[in-house]
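Worksheet: one structure, shown below.
The values are calculated or read from the model by the stated rules, or taken from the named source; none is laboratory data. These numbers were taken from a predicted model, which means no experiment stands behind them. Here Cβ is always computed from backbone atoms with ideal geometry, including for glycine, and neighbour counts include all displayed protein chains.
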Amino acid sequence: MSRKPGETSVFPRTELTAAQNSRSFVKLFANSKPFLAWFVIALLITELCGLYLLEWPLLFNFNKFAFWDWGGYLVAHYLVQRGATPVTGFGWQYGLLPLLLQELWFRSVNASPASFLMLSFPCALLFTVAVARFANLVNKTAGRALLLLSFPFILALGADLPHALEPALLSAGLLLQARGKREQALALATAACFTKPVMGYLYGLVLLVFVIVDRRRQDKLAIAGLVRAFLPAICTGLGLALLLGITFGWIALVRSLIPLAGAQGYRVLHYGWSGIARELFYFPGMRPAYYIGTPVTFLLCATFYLISATALTGWRSLQNGRQAPANYEIVLTCALLHVGFLVCFYGAPASWTYYAYILVMGVAATAAWTLANRRLVWGLCILAACGNYGIFKSSIVAWKTMTQSSATAGLFVAPAELVEWNRVTAIVKDENPAIFTWDGGAEVLFPWLRKPVEAFIVPGVATGSEIQQKVQELRSAEVIVIPTIPELGNPVTNWPGAEFQGVFANATRIFKGDYFEVYARGNR
């Protein structure tokens with residue numbers, strides 16, 4: 001190519017301002033789908049790591065491991081190592097898959113609060129990647145923003161393995177379903193049934209219906225075709241059943257797949273909307289700021305929006321004979337799962353944390369429908385952002401006020417509680433004391449306490465023999481420690497039955513504080 005007189009380059013000169021160059025640069029990468037996809041994944045993973053750091057004092061926490069349910073999993077490991085069988089030998093209200101993974105993990109590292117939290121991180125990471133890739137499928141800024149802003153309260157951060165593994169499986173299943181891979185999603189729903197035998201069944205049923213309806217529409221209902229469609233789920237179910245049955249026993253496996261213990265516990269503890277679940281909306285001492293600084297208002301509005309948008313869009317499609325939006329199936333699935341959760345197995349006031357991600361994923365997917373939907377999703381983004389205030393505030397306060405001590409196995413604790421615990425330790429350390437919590441792990445964290453004989457002494461979950469064994473231990477012990485931590489309550493007086501009423505017979509209370517009480521028998 002020849003140059004014209006005066007030209008110094010074979011390319012035409014284009015004069016651009018700095019602002020125009022900047023806009024062109026941003027536009028280039030904003031339109032790059034691979035870059036945007038990786039950016040969203042990286043952003044959510046960064047958010048995940050930041051949340052772990054922010055909430056560390058609330059995760060690596062004395063009360064959660066010594067006197068609450070996270071410690072119960074350390075006790076479960078202790079019992080399994082000594083030949084006890086879950087479900088039949090000691091109370092276990094979840095599937096056996098998390099327990100198997102926990103045992104495999106604790107074979108390679110020592111069981112401790114730190115290794116327990118490390119076990120949940122891969123599940124949180126898988127959940128994060130699934131949500132990020134789902135956000136990329138939504139392909140609308142409003143939907144992506146909602147998933148990013150709600151991430152702090154839909155993430156099962158540092159949770160026990162049953163509550164960390166289930167979201168990882170189900171979120172990955174929803175991602176696969178959104179990509180048109182229902183059969184693989186059904187396999188993950190099957191694995192979820194071996195994790196927590198509740199939502200996996202409902203999700204599996206929804207997927208089963210979608211697969212059959214779709215194949216009927218295509219006139220492909222032959223038995224051979226259905227078997228091929230369900231083969232991933234069949235192989236997953238049979239493989240896990242064989243593995244878990246050989247490891248823990250077939251009776252324990254069958255009973256773990258039927259959520260009778262959980263249903264019994266819900267009934268005894270008055271869970272559900274006819275019981276204590278209503279405290280989600282009102283409790284004594286509640287302030288108006290509670291509705292703004294927590295996700296409660298967002299959950300209410302997002303629930304109403306998702307159900308209304310799903311029903312209205314479906315009705316219009318049926319009335320007008322038009323095809324529903326391309327991603328209507330995944331929105332309908334999320335709506336059905338969310339309604340099923342609310343109606344059938346919502347338990348305590350904080351139970352919303354278990355499946356909030358399903359609600360958010362369904363709402364985010366509607367952003368691809370119309371401009372009106374996107375505007376409503378943007379409004380929910382504001383509520384989601386405000387709902388994180390309580391999480392950030394409690395975490396910052398914990399960093400400022402809590403302390404670590406060798407007396408609490410290095411776990412974070414409030415200074416006032418640490419003072420009481422040191423005093424209790426000084427009183428009872430040489431007395432081989434018994435301690436009673438519903439599902440704490442103090443007995444494996446502190447060698448001066450009696451060794452545990454049960455993991456979860458929870459109404460409706462614990463076996464009759466476990467309860468009697470604990471009653472006999474408390475009645476025969478010379479010294480008894482009872483945690484009375486305000487957030488957890490007194491495990492004896494809060495027990496719904498009469499089994500523990502006589503455990504303090506012939507005993508005198510020798511210490512009473514805000515966090516602990518100590519009882520002793522004999523002359524002291």
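A few remarks follow.
- Annotation: of all residues in region 267-313 being out of contact with any helix residue (DSSP H, G or I) (no Cβ under 7 Å at 6 or more places or on another chain) and farther than 28 Å from ILE391 by Cα, the one that is surrounded by the fewest Cβ atoms within 10 Å (Cβ to Cβ) is LEU312.
- Elements of the type strands (runs of 3 or more DSSP E) sitting completely within region 468-524 and holding at least 2 residues that are at pLDDT 90 or above and under 13 Å from ALA434 (Cα atoms): these cover 479-483, 516-521.
- Unique residue being in contact with a Gly (Cβ under 7 Å, 6 or more places away or on another chain) and charged (D, E, K, R) when the list is ARG215, ARG228, ARG182: ARG215
- Inside region 474-494, residues that are under 30 Å from ARG267 (Cα atoms) and either surrounded by fewer than 17 Cβ atoms within 10 Å (Cβ to Cβ) or among the β-branched types (Val, Ile, Thr) (or both) make up a count of 12.
For every residue, the table says whether it meets (1) in a helix (DSSP H, G or I); (2) farther than 30 Å from LYS451 by Cα.
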site: PHE65; (1), (2): yes, no
site: ALA84; (1), (2): no, no
site: LEU101; (1), (2): yes, no
site: PHE106; (1), (2): yes, no
site: LEU117; (1), (2): yes, no
site: PHE134; (1), (2): yes, yes
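- Candidates ALA434, ALA455 - the one that is farther than 30 Å from ILE258 by Cα, buried (at least 18 other Cβ atoms within 10 Å of the Cβ), small (Gly, Ala, Ser) and touching a residue at least 40 places away in the same chain (Cβ under 8 Å): ALA434
- One residue from ALA241, ALA233 being touching a Ser or Thr at 6+ places or on another chain (Cβ under 7 Å) and surrounded by 12 or more Cβ atoms within 10 Å (Cβ to Cβ): ALA233
- Of the residues making up region 349-402, just one is within 22 Å of ALA164 (Cα to Cα) and outside any helix (DSSP H, G or I), namely ASN388.
- Under the condition of being part of a helix (DSSP H, G or I) and farther than 17 Å from VAL213 by Cβ, the residues counted in region 311-329 number 7.
- Within region 314-335, considering residues that are in contact with a helix residue (DSSP H, G or I) (Cβ under 8 Å, 6 or more places away or on another chain) and charged (D, E, K, R), the one surrounded by the fewest Cβ atoms within 10 Å (Cβ to Cβ): ARG322
- Any hit, region 169-177, residues being more than 24 Å from PHE121 (Cβ to Cβ), over 19 Å from the mean Cα position of the chain (by Cα) and either part of a loop (DSSP other than H, G, I, E, B) or assigned by TED's automatic domain parsing to the domain that holds TYR328 (or both): yes
- Any hit, region 436-447, residues being touching a strand residue (DSSP E or B) at 6+ places or on another chain (Cβ under 7 Å), part of a helix (DSSP H, G or I) and among the charged types (D, E, K, R): yes
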